[in-house]
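Asker: My questions all concern the structure below.
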Amino acid sequence: QEGSLCAQHCLNNLLQGEYFSPVELSSIAQQLDEEERMRMAEGGVSSEEYRTFLQQQPSVNMDDSGFFSIQVISNALKVWGLELILFNSPEYQRLGIDPINEKSFICNYKEHWFTVRKLGKQWFNLNSLLMGPELISDTYLALFLAQLQQEGYSIFVVKGDLPDCEADQLLQMIRVQQMQRPKLIGEEAAQSRDQRLPRNDVDQAIEANNPFDGTGMLDEDEENFQRALALSRQEIDMEDEEADLRRAIQLSMQGSRQSELSGSLPQSVPQSSHSSQTDSLSSEELRRRRQAYFEKQQQQLQQQDQTPNLQDKATLSSSTPEPGSGGDMSEEDMLQAAMNMSLESVRNHLNSEEEK
């Protein structure tokens, strides 16, 4: 369809040929405007009604968009001996004619016109907004017209003999089958634009940060900025996770060393007394007592020269850093120290059992 010349397309689809041009329809509209102006002037050119009529838009039968009124269409069809009757008018309803026995209809809603016509033995919707004719079955025709009325369409029955056309002659001999309804003009292009590739996390972050509100798409600079912002947020999140992991490892190792130290203390000391004393001692006093305890354990291990394993134990114990000594240690050093202390605690426990 070109522009808003749906009335022209409606007439040519009805007659199945290029019978009317916009110029010819404009000439009919101007003629109707002049006839109406002359009728208004009969009451006096100085009357209020006539002055009001002249102040209205230049024409009530056409406009700059290409719209033409029902009067223009009706006068154009009179050239071919055709007449329009309102489908739901009392005059037509009294005739009691089944729609399937008619030849064609013209439908109008606001400023849009289209034709429904029988070609051969089948009905077709010749709407110029469709990419092709739409087949309408005989059983569906009445329902289709009723649906148009419910949507606010005005339907006109075309009375008279339509001119012969090649499509009508061909479809008199064969029947067509339509597997898929024709799409609206521009519908296929719109669907292809809506089909996008799977989005990655960055695209989803951009969309979440800037939800589409119909006011316009992001320009290239803005989109690049939002992409960089999303990447920066991902890096910050990764850094935060790594920092949390390091802190968790350190706290776990500190808790492990404390539990090992408490488990390796002599069993003759009551637990409640040990807890109360630990609470009252300062960190420096605790460090000093633990150091003394480990030195005593190390001396006992060195005195026991029974097996090579005990010699290895003494070497391992001497390489273990003193707990609570502080200092800067890497994560690998801290992990190694924790493993050494855990092994030493198990061996001390075994030795104490043997002494008993």
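Asker: Just how many pairs of Lys in region 6-188 have C-alpha atoms closer than 17 Å, counting pairs that are eight or more places apart or on different chains? Walk me through the numbers before you get to the answer.
Answerer: On the way: Lys78/Lys103; Lys78/Lys159; Lys103/Lys118; Lys103/Lys121; Lys103/Lys159; Lys118/Lys159.
Total qualifying Lys-Lys pairs in region 6-188 comes to 6.
Asker: I'd like to check one number: the per residue accessible area of region 87-126, probe 1.4 Å, reported in Å² as a whole number. Show your work: numbers first, answer last.
Answerer: Values: 1880 Å² over 40 residues.
It amounts to 47 Å² per residue over region 87-126.
Asker: Order Glu295, Glu102 by their accessible area, 1.4 angstrom probe, all chains in place, largest first. All intermediate terms of the calculation are to be shown ahead of the outcome.
Answerer: Values: Glu295 90, Glu102 15 Å².
Largest to smallest exposure gives the sequence Glu295, Glu102.
Asker: While we're here: Can you send over the solvent-accessible area of Glu111, 1.4 Å probe, protein chains only, in Å² to the nearest 10?
Answerer: That residue has around 100 Å² of solvent-accessible surface.
Asker: Between Asn340 and Glu24, what length comes free when the chain is fully extended (0.36 nm per residue of separation minus the Cα-Cα distance, one decimal in nm)?
Answerer: Values: separation 316, 0.36 × 316 = 113.76 nm, distance 10.30 nm.
Here the segment from Asn340 to Glu24 would lengthen by 103.5 nm.
Asker: Return the carbon/sulfur percentage of the accessible area of region 6-188, one whole number, probe 1.4 Å, all protein chains in place.
Answerer: Numbers: 5420 of 10610 Å².
Carbon and sulfur: 51 percent of the exposed surface of region 6-188.
Asker: I'd like the Karplus ³J(HN,Hα) series for region 114-125: coefficients 6.51, -1.76, 1.60, θ = phi - 60°, whole numbers in Hz, and an x wherever there's a Gly or Pro.
Answerer: 8, 10, 10, 9, 8, 10, x, 10, 10, 9, 9, 8
Asker: Could you check the spin-label model distance between Asp333 and Ile70? Points 7 Å from the Cα along Cα→Cβ, value in nm.
Answerer: Each label point is offset 7 Å from its Cα along the Cβ direction, giving 9.6 nm.
Asker: Can you tell me the order of 27-33, 59-65 when each peptide is scored by its average per-residue count of other Cβ atoms within 10 angstrom, highest first? Could the numbers behind the result be given before it?
Answerer: Working: 27-33: 17.3, 59-65: 15.4.
Put in order of decreasing packing, that is 27-33, 59-65.
The values are calculated or read from the model by the stated rules, or taken from the named source; none is laboratory data. Only a predicted model underlies this, so the values are computations on that prediction, with no experimental measurement involved. No Cβ is skipped: glycine too gets one built from the backbone with ideal geometry, and neighbour counts run over all protein chains shown. What goes into the accessible areas is simple: the full protein's heavy atoms, side chains included, and nothing from ligands, DNA or RNA. Shrake-Rupley method; radii C 1.70, N 1.55, O 1.52, S 1.80 Å.
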